[in-house]
1. Restricting attention to segment B:146-169, and to residues there that are of a type in the set (G, A, S) and not in a loop (DSSP other than H, G, I, E, B), which single residue is farthest from B:A95 (Cα to Cα)?
2. Residues that are under 20 Å from A:E61 (Cα atoms) and among the aliphatic types (A, V, I, L, M): does segment A:165-180 have at least one?
3. If you check A:A30 against the conditions, is it away from DNA strand C (no atom under 14 Å from the Cβ), assigned to a helix (DSSP H, G or I), open to solvent by 40 Å² or more (accessible area, probe 1.4 Å) and of a type in the set (A, V, I, L, M)?
4. Based on this model, can you work out whether B:V104 counts as at pLDDT below 95, in a helix (DSSP H, G or I) and more than 7 Å from chain A (Cβ to nearest Cβ)?
5. Quick check on B:D159: is it at pLDDT 95 or above, open to solvent by 10 Å² or more (accessible area, probe 1.4 Å) and closer than 21 Å to A:D169 by Cβ?
6. Going by the conditions given, is B:R90 open to solvent by 10 Å² or more (accessible area, probe 1.4 Å), over 17 Å from B:F76 (Cα atoms), charged (D, E, K, R) and touching a residue at least 40 places away in the same chain (Cβ under 8 Å)?
7. Condition (residue is of a type outside the set (A, V, I, L, M), under 30 Å from A:A190 (Cα atoms) and open to solvent by less than 60 Å² (accessible area, probe 1.4 Å)) applied to segment A:41-52: is it met by at least one residue?
8. Could you identify the single residue in B:L75, B:L93, B:L87 that is away from DNA strand C (no atom under 16 Å from the Cβ), aliphatic (A, V, I, L, M) and not in a helix (DSSP H, G or I)?
2 protein chains.
Amino acid sequence: MSSTKQTADSGHGSSSRRAELLALAGRLFAERGFKSTTVRDIAEEAGILSGSLYHHFDSKESMADEILRSFLDELFGTYREIVARDLGPRKTLEAVVATSFEAVHNHHDEVAIFQNEAKYLVQFPRFAYLAERNAEFHELWTSILSEGVRTGAFRADLDVELTYRFIRDTVWVAVHWYKPAGSLSADDIADEYLGIVLDGIAARRGRRPARKSAG
Amino acid sequence: MSSTKQTADSGHGSSSRRAELLALAGRLFAERGFKSTTVRDIAEEAGILSGSLYHHFDSKESMADEILRSFLDELFGTYREIVARDLGPRKTLEAVVATSFEAVHNHHDEVAIFQNEAKYLVQFPRFAYLAERNAEFHELWTSILSEGVRTGAFRADLDVELTYRFIRDTVWVAVHWYKPAGSLSADDIADEYLGIVLDGIAARRGRRPARKSAG
DNA sequence: GTCTATAGATAGATAGAC
DNA sequence: GTCTATCTATCTATAGAC
């Protein structure tokens with residue numbers, strides 16, 4: 001509180017510059033991978049030298065940690081809100097899928113890092129929460145699917161475990177090709193995707209032609 | 001041809017030891033990623049020292065190159081055979097999906113490397129063929145889907161480009177969790193996946209209950 | 001908050017003995 | 001075909017000047 005003037009923040013020496021650097025590092029981690037991104041890369045992108053980064057963060061891991069923690073906290077907060085609304089399996093699934101695609105849109109880099117680097121990062125003790133989040137994710141999805149099978153919203157012969165993996169993977173891997181600036185919005189994609197997952201791509205003989213957003 | 005006795009091979013100083021080392025490197029590349037796997041890691045796994053690896057290969061890149069080349073040649077050979085059979089869009093799609101899951105089963109490491117490392121490797125000139133293979137893949141899938149829409153096998157309102165990405169991703173990401181030794185065979189999984197992609201997970205009111213393998 | 005300078009570790013790769 | 005020994009480059013991180 002003398003020469004380092006700061007806006008109100010949550011404990012670290014944060015504020016704008018810090019956030020700026022984190023966003024930058026996040027973009028590089030997402031594009032090139034955590035291991036392949038060097039501290040020098042990040043510094044260069046920020047127009048400073050590598051040593052200067054250590055004034056803001058104490059390690060490269062710290063940066064990834066901070067990025068993932070805040071993202072996952074927010075994401076799972078939203079998931080919990082959805083579940084609490086008690087919309088029934090089908091609407092809940094639609095809402096969770098929509099939220100996930102929105103995350104791909106609004107937090108593209110964070111999703112990419114979570115998808116591509118979690119397996120590597122989880123080996124470090126400080127990233128143990130990544131395994132917990134995955135378990136939480138599993139619980140969220142299989143609950144929705146199981147209840148749907150029970151209530152008759154979903155096919156009775158569904159392999160819940162396999163379907164969970166299918167949905168989880170397809171939702172998240174969109175991060176590999178989705179461009180936030182593209183012509184299709186996250187909602188468009190969520191809608192098309194739900195069309196496939198719920199009704200399939202095969203032509204119907206008679207019923208339910210195209211589905212429209214259930215918003 | 002003096003002290004280095006070799007079985008008939010295709011140009012390099014190949015034979016069993018070479019193949020052994022390649023398989024080993026492939027496993028590590030698949031598990032930890034290309035960049036995170038050091039030459040020393042590979043050597044240690046083989047019970048030799050890092051310098052000794054350079055008797056067999058002239059670089060780490062060469063190893064990945066050789067692994068991917070032979071795998072992709074074989075895979076796309078099979079794809080071409082399927083297309084040549086002219087089975088119609090739906091059966092072709094089923095066969096291509098089945099083949100892909102078989103690849104996840106039989107060439108697990110290779111698929112993982114192709115999925116996880118292609119984006120990084122393609123930046124090196126020697127790996128330019130990875131981009132070509134991706135284009136070939138795109139052509140294969142969109143042809144099947146477009147023809148299916150044309151003939152009425154698939155929904156008329158399908159976004160072919162988007163559906164292509166979903167199916168492609170769906171098939172390949174299984175490599176992240178599929179264990180060749182697990183209880184479900186590649187065929188079982190292909191069948192379940194086709195069930196979802198073709199008919200969706202939503203319960204039907206009346207028609208077509210569960211599908212059975214068409215292979 | 002950034003720079004200079006550098007320590008200390010580890011990476012890919014090479015040369016020659018065995 | 002493997003080992004010993006080592007070069008060179010690059011990486012994360014630190015210390016202190018400005």
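The values are calculated or read from the model by the stated rules, or taken from the named source; none is laboratory data. The structure presented is a predicted model; accordingly, all values stated were derived computationally and were not measured. We place every Cβ from the backbone using ideal geometry, glycine too, and count neighbours over all the protein chains shown. What goes into the accessible areas is simple: the full protein's heavy atoms, side chains included, and nothing from ligands, DNA or RNA. Shrake-Rupley method; radii C 1.70, N 1.55, O 1.52, S 1.80 Å.
1. So the first thing to find is which residues in segment B:146-169 are of a type in the set (G, A, S), and the list is B:146, B:148, B:152-153, B:156.
Okay, now just the ones that are also not in a loop (DSSP other than H, G, I, E, B), so B:146, B:148.
Values: B:S146: 16, B:G148: 14 Å.
Among those residues, the one meeting the criterion is B:S146.
2. Residues of segment A:165-180 under 20 Å from A:E61 (Cα atoms): none.
There is no residue in segment A:165-180 that is under 20 Å from A:E61 (Cα atoms) and among the aliphatic types (A, V, I, L, M).
3. Values: away from DNA strand C (no atom under 14 Å from the Cβ): yes; assigned to a helix (DSSP H, G or I): yes; open to solvent by 40 Å² or more (accessible area, probe 1.4 Å): no; of a type in the set (A, V, I, L, M): yes.
No: the conditions fail for A:A30.
4. Numbers: at pLDDT below 95: no; in a helix (DSSP H, G or I): yes; more than 7 Å from chain A (Cβ to nearest Cβ): yes.
No: the conditions fail for B:V104.
5. Values: at pLDDT 95 or above: yes; open to solvent by 10 Å² or more (accessible area, probe 1.4 Å): yes; closer than 21 Å to A:D169 by Cβ: yes.
Considered against the rule, which asks whether it is at pLDDT 95 or above, open to solvent by 10 Å² or more (accessible area, probe 1.4 Å) and closer than 21 Å to A:D169 by Cβ, B:D159 comes out as yes.
6. Details: open to solvent by 10 Å² or more (accessible area, probe 1.4 Å): yes; over 17 Å from B:F76 (Cα atoms): yes; charged (D, E, K, R): yes; touching a residue at least 40 places away in the same chain (Cβ under 8 Å): yes.
Here the answer is yes, as B:R90 does meet what is asked.
7. Start the filter on segment A:41-52 by keeping residues that are of a type outside the set (A, V, I, L, M), which leaves A:41, A:44-45, A:47, A:50-52.
So of that shortlist, the ones also under 30 Å from A:A190 (Cα atoms) come out as none.
Within segment A:41-52, not a single residue is of a type outside the set (A, V, I, L, M), under 30 Å from A:A190 (Cα atoms) and open to solvent by less than 60 Å² (accessible area, probe 1.4 Å).
8. Numbers: B:L75 fails: not in a helix (DSSP H, G or I); B:L93 fails: not in a helix (DSSP H, G or I).
The conditions single out B:L87.
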